[in-house]
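Report on the structure given below.
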Amino acid sequence: MKLQDCINFILTHSQNAVFSYFKRELHHLGVTPIQYASLKCLWEQDEQMPSQLAETLHLDSSTVTGILSRLEDKKLIERTFNTGDRRKVIVHLTEEGKALEKPVSDIIERLNFELTEGLSKEDMDVFHHHLKVITDNAERLNCK
């Protein structure tokens, strides 16, 4: 098999190209693509535990902790202890974090439009279906 035919190479190459473009376009707002994903979760439902974010983003808790630390350093989120159980940390947006929702969302919408130009809704449905099949297969095989 040629390297260019290997599913891991194809997906990694695509992911790297998309990530680089998103990173460049979000840079002026001081947000990385993974920080955007974390903020998006909080824009949809503020006040979540880090474990909820990790589950939604399919990341391990130590990775989420690092992301949250950087967002906290940028004053976009705050972490507080749950008053009922001090072992539980609650993540919530600051006013600065809330204010980024529209400009960041506008950029993300534009980038998604640009990157899928020439693909119909049906093409995108098939694309999503195929990625889900690949993901499901990989997850199933990882459980063996």
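Looking for something on the phi > 0 side of the Ramachandran plot, in a loop (DSSP other than H, G, I, E, B), open to solvent by less than 90 Å² (accessible area, probe 1.4 Å) and out of contact with any Pro (no Cβ under 8 Å at 6 or more places or on another chain) - is there at least one such residue anywhere in segment 16-37? Before you say what the answer is, go through the steps one by one.
Pass one, segment 16-37, residues on the phi > 0 side of the Ramachandran plot: 30.
Then keep just the ones that are in a loop (DSSP other than H, G, I, E, B); that gives 30.
Then keep just the ones that are open to solvent by less than 90 Å² (accessible area, probe 1.4 Å); that gives 30.
Pick out the ones that are also out of contact with any Pro (no Cβ under 8 Å at 6 or more places or on another chain) and you get 30.
Checking segment 16-37: at least one residue is on the phi > 0 side of the Ramachandran plot, in a loop (DSSP other than H, G, I, E, B), open to solvent by less than 90 Å² (accessible area, probe 1.4 Å) and out of contact with any Pro (no Cβ under 8 Å at 6 or more places or on another chain).
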Original post:
Can you name the residue in segment 120-144 that is open to solvent by 90 Å² or more (accessible area, probe 1.4 Å) and either among the basic types (Lys, Arg) or touching a helix residue (DSSP H, G or I) at 6+ places or on another chain (Cβ under 8 Å) (or both) and is also farthest from Ala17 (Cα to Cα) among such residues?
Top reply: Lys144
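In segment 20-39, which residues are in contact (Cβ under 8 Å) with a residue 60 or more places away in the chain and more than 8 Å from the chain's Cα centre (by Cα)?
Our first condition is that a residue be in contact (Cβ under 8 Å) with a residue 60 or more places away in the chain; within segment 20-39, this holds for 21-22, 25-26, 29, 31, 36, 39.
Listed by number, the residues that qualify are Tyr21, Phe22, Glu25, Leu26, Leu29, Val31, Leu39.
Determine, yes or no, whether Leu76 is modelled with pLDDT of 95 or more and touching a Gly at 6+ places or on another chain (Cβ under 7 Å).
Numbers: modelled with pLDDT of 95 or more: yes; touching a Gly at 6+ places or on another chain (Cβ under 7 Å): yes.
Yes, satisfied.
Let's see how each residue does on (1) modelled with pLDDT of 95 or more; (2) in a helix (DSSP H, G or I):
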{"position": "Leu39", "(1), (2)": "yes, yes"}
{"position": "Trp43", "(1), (2)": "yes, yes"}
{"position": "Asp46", "(1), (2)": "yes, no"}
{"position": "Ala54", "(1), (2)": "yes, yes"}
{"position": "Ser62", "(1), (2)": "no, yes"}
{"position": "Gly66", "(1), (2)": "yes, yes"}
{"position": "Glu72", "(1), (2)": "yes, yes"}
{"position": "Arg86", "(1), (2)": "no, no"}
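For every residue, the table says whether it meets (1) open to solvent by less than 70 Å² (accessible area, probe 1.4 Å); (2) of a type in the set (Val, Ile, Thr).
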position	(1), (2)
Ser62	no, no
Leu71	yes, no
Leu76	yes, no
Thr80	yes, yes
Ile90	yes, yes
Leu93	yes, no
**OP:** With the condition kept exactly as written, say whether any residue in segment 101-108 is within 30 Å of Asn8 (Cβ to Cβ), open to solvent by less than 90 Å² (accessible area, probe 1.4 Å), under 18 Å from the mean Cα position of the chain (by Cα) and free of Cβ contacts under 8 Å to residues at least 40 places away in the same chain.
**Re:** no
**OP:** Determine which single condition Met49 fails, assuming it passes every other condition in (1) more than 19 Å from Ser69 (Cα to Cα); (2) surrounded by 13 or more Cβ atoms within 10 Å (Cβ to Cβ).
**Re:** (1)
**OP:** Working carefully through the options Glu117, Glu101, Glu109, Glu96, find the one that is of a type in the set (Asp, Glu), closer than 21 Å to Pro33 by Cβ and in contact with a Leu (Cβ under 7 Å, 6 or more places away or on another chain).
**Re:** Glu96
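The values are calculated or read from the model by the stated rules, or taken from the named source; none is laboratory data. These numbers were taken from a predicted model, which means no experiment stands behind them. Using ideal geometry, Cβ is built from the backbone for each residue, glycine included, and neighbour counts are taken over all protein chains shown. To get the accessible areas, we keep the full protein, side chains included, count just its heavy atoms, and leave off ligands, DNA and RNA. Shrake-Rupley method; radii C 1.70, N 1.55, O 1.52, S 1.80 Å.
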